[in-house]
Structure formats: structure tokens, C-alpha cells
Amino acid sequence: MKRFFALSRTTHGVLDLAAPAFCALLWLGGFPKLEIILLSIFTAFAAYTSIYALNDFVGRNVDKEKFVDNKNNTGYSVEASEQRYPLAQNLVSVKGGLLWIGAWFILALVGSYLLNPTIVYILIVAAVLEVIYCLLLKVTYLRTLVSGVVKSSGPIAAVFVVDPNPSPYLLALLFIWVFFWEIGGQNVPADWNDAVEDKRLNAKTIPIRFGVEKAGFIVLSGLVITVIASGLLPLASRANLGWPYILATLGIGYIYLLKPGFQLFKFKEGNYAVKLFDKASHYPLAQLILITFSLGVIYIIGL
């Protein structure tokens, strides 16, 4: 089973579960019922497992081209594995990959329907956009924007679990937070680190299109917007989180995003892109721990 979970980049996918969990707790301002929590975790895991595997399935031919001259690259620490890109390494058959993706996607659809039928549409749109994102690799660097929308779908869906009629303005704020975290902390740094292979494949990415100077500015700008948005997110919460929470969330943004982002902007080397990617991957988990602790304190004080 390890090769199938490698197909879904499960280590990275599990980290990504922290983002929708954080958004649900923040928005609700408390803790949902246990059955909702368990169903949400299962549904989110199924969705991320299928979408990540879909990414590798659609891009398997490109991955094969990369893997030919890059066999020793095991990727970032959050998803390093000797079985990374199992379809490209022929460790998983095309049929097996399709069955794996289909099974988890069906489970995600069922879970989504039980939580809130609206989430079914969000999941389907996310899957379609993920395919489009993969197909645009050699077409346009604007595919990065598609990636931001796809990554935002999970947190947005989580809001609909706890609020069937969320404010569109507050949803827009949440979208901005996730969108620019994905671009500044994940997508562009990943493309930066893959620039040598991508040039050989004639791929269209921001680092290749604009060069490291402008790419560094785009990364740092995206991270600054993310951190500023994080300080405004308490506006979406039913809980009175207060200034201690805001200062803590800004501090997390500095440690996990701004500091490694500034290092990349300053030194413009691939290893700093890797460090930023890994740090940014843990950013939602740090936010989840903060909101869980904060709501726990509020609950205890209110007893």
C-alpha cells in the first residue's frame, strides 16, 4: 500500500488537512459534534488522497521525463520517499492508479453529501481545476492561479460544514488567505526548485517566465498578504479571540512564512525554496494548534 499512498503524497496531504480543520474551528468559534468531526476528517482525507493522486496521474508522462535524469531527487521533507512518483517509476499501473483515485473520490463525494450537498459541487470543481492545472504546465505560467483556487477549495468546503449560509465577504477573506499562502509558500517555491527540469521540459512557470528576482518578489508579496489576512481572520469567527490570538497568529506567520520567504528573496537559491516550501507546509498545522488552544481556553474560562 505504500506505493499507493506515495501516489497520493499522503504525508503532505495529511498536513494539508490542518487547513480545513483550522477554518472550520475558527469560523464556528467552537468545536463541532464528535460525529461531525470524525466524518469531516474521513471526507477530507479521502478528498485530498484522490486529488493529489489525480495530479500525479494526469502528469505522469511529464513526471517520467523528469524522473529519467533526476532519480536521486526524493523531493521535499514533507513528501520525501523512494517511491515518489510511483506511476512514473512504474510502481503503480495506470489501471491501479485509476481505481485508487476513483475509490477515494467516491468516498469523498459520499462524505461531502452527508456533511452538506454544496460541498459535492466544490469537490467536483476542484477535481476539474486540478486536471486543468496539470494540463497547463507547458501552456502558461498563469496555471499558478488555478493552483491557488484548488487549494482554497478544502478550507472553503470546511466552512460549509459548520455554516450552511456563510457570509460571501468573509469567505472572500478566507479565500485570499489560502490563495496567497499556496502561491507564495507552496506553488512558486516548488516551481523554483524544479526550474532546471522544467526548462528542459519547456514548462511555463513563474520562475522561468520572470526570473528569480521577480519570482522572489512575487513569493514575498504573497506571503505578506497571507500574514496580513491571517490577522483579519478573527472577524470571521463567532468566538471573541482578542489581541493575544492576533499577535500569536502574526508570530506564526513570521516564523513559518515571512522569515524563510525573506531568505529566499535575499539569496535566491533553490535550497531556500525547499526550506520555504517545508516551513509553509506546516503553517496550517501551527494555526490549527493555535485555534484549538485558544478555543479551549475560552471554553474553560466560560465554565
Any chance segment 202-224 includes a residue that's on the phi > 0 side of the Ramachandran plot, surrounded by fewer than 21 Cβ atoms within 10 Å (Cβ to Cβ) and outside any helix (DSSP H, G or I)? yes
Hits in segment 1-37 (condition: β-branched (V, I, T) and either at pLDDT below 95 or closer than 17 Å to L170 by Cβ (or both)): T10, T11, V14
For Y299, work out the one condition from (1) in a helix (DSSP H, G or I); (2) farther than 19 Å from F179 by Cβ; (3) out of contact with any Gly (no Cβ under 8 Å at 6 or more places or on another chain) it doesn't fulfil. (3)
Within segment 225-242, can you find the residues that are of a type in the set (S, T, Y) and assigned to a loop (DSSP other than H, G, I, E, B)? S237
Contacts under 6 angstrom Cβ, first residue in segment 189-204 being closer than 20 Å to S281 by Cβ, partner of a type outside the set (A, V, I, L, M, F, W, C) and not in a loop (DSSP other than H, G, I, E, B), 6 or more apart: D191/P207; W192/P207; N193/G270; A195/P207
I'm told K266 meets every condition in (1) in contact with an Asp or Glu (Cβ under 8 Å, 6 or more places away or on another chain); (2) modelled with pLDDT of 95 or more; (3) not aliphatic (A, V, I, L, M) except one. Can you identify the failing condition by its number? (1)
Qualifying residue in segment 250-266 (condition: among the polar types (S, T, N, Q) and crowded, with 20+ Cβ neighbours inside 10 Å): no
Given the condition aliphatic (A, V, I, L, M), closer than 19 Å to G148 by Cβ and surrounded by 19 or more Cβ atoms within 10 Å (Cβ to Cβ), answer yes or no: does some residue in segment 280-291 qualify? yes
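The values are calculated or read from the model by the stated rules, or taken from the named source; none is laboratory data. Predicted model only: the values in this text are computed from it and were never measured. Neighbour counts are summed over all protein chains in view; Cβ atoms, including those assigned to glycine, are modelled from backbone coordinates with ideal geometry.
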